[in-house]
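Novice: One structure coming up, written as structure tokens, with questions to follow.
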């Protein structure tokens, strides 16, 4: 007979990875869904897998002197790649989680990446006409006729939809990822 596992200890479950979405759903997708539902819960290092933290440390440490990470710093060309290929790549997932982000050392010498999960091209849908335009715009993005996020397809449509449904500049959830002591990197 199999043993029944106690899943009521959330901390133990998080540690083991069982029941933890971070081991199944990439961070960019988790934040995107949370943003669509209006969540303002901060995203921290606890929300990344160990391998994502390690990769982000590498990227952030290379850009500390500059003070920021830009889209090109993630080391992946994703614009003309299939969505499934992109979402299985940690560099892509970090790129679309953070985009442009601040990199700094805190008072304790920890390397910290800060951002707000938002969409800088946000457009409000205030009435039925706006909704009609938004739906047409999303469809045109899918066909590759509009939108700055690709050459058509599912990702272009999703990203264009986020323009209408996601948080506007500075309105999304805070992202503050402490990557540990800079000297240990």
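The values are calculated or read from the model by the stated rules, or taken from the named source; none is laboratory data. Source: prediction; values computed, not measured. For neighbour counting, all protein chains shown are included, and Cβ atoms are generated from backbone atoms with ideal geometry for every residue, glycine included.
Novice: Quickly run through region 20-37 and pick out the residues that are surrounded by fewer than 14 Cβ atoms within 10 Å (Cβ to Cβ) and touching a residue at least 24 places away in the same chain (Cβ under 8 Å).
Specialist: 23, 36
Novice: Please go through region 59-82 and give me each residue that is surrounded by fewer than 19 Cβ atoms within 10 Å (Cβ to Cβ), assigned to a helix (DSSP H, G or I) and touching a residue at least 40 places away in the same chain (Cβ under 8 Å), ordered by number.
Specialist: Of everything in region 59-82, just one residue is surrounded by fewer than 19 Cβ atoms within 10 Å (Cβ to Cβ), assigned to a helix (DSSP H, G or I) and touching a residue at least 40 places away in the same chain (Cβ under 8 Å), namely 61.
Novice: Select from region 63-89 the residues that are under 19 Å from residue 49 (Cβ atoms), touching a helix residue (DSSP H, G or I) at 6+ places or on another chain (Cβ under 8 Å) and at pLDDT below 95 and list them in ascending order.
Specialist: 75, 76, 86, 87 - these are the residues of region 63-89 that are under 19 Å from residue 49 (Cβ atoms), touching a helix residue (DSSP H, G or I) at 6+ places or on another chain (Cβ under 8 Å) and at pLDDT below 95.
Novice: Surrounded by 18 or more Cβ atoms within 10 Å (Cβ to Cβ), outside any helix (DSSP H, G or I) and under 23 Å from the mean Cα position of the chain (by Cα) - does that describe any residue in region 101-108?
Specialist: yes
Novice: Can you tell me which residue in region 38-47 is surrounded by the most Cβ atoms within 10 Å (Cβ to Cβ), limited to those that are in contact with a strand residue (DSSP E or B) (Cβ under 7 Å, 6 or more places away or on another chain) and under 16 Å from residue 90 (Cβ atoms)?
Specialist: 43
Novice: Within region 150-180, which residues are over 21 Å from residue 43 (Cβ atoms), in contact (Cβ under 8 Å) with a residue 60 or more places away in the chain and surrounded by fewer than 19 Cβ atoms within 10 Å (Cβ to Cβ)?
Specialist: Result: 151, 153, 154.
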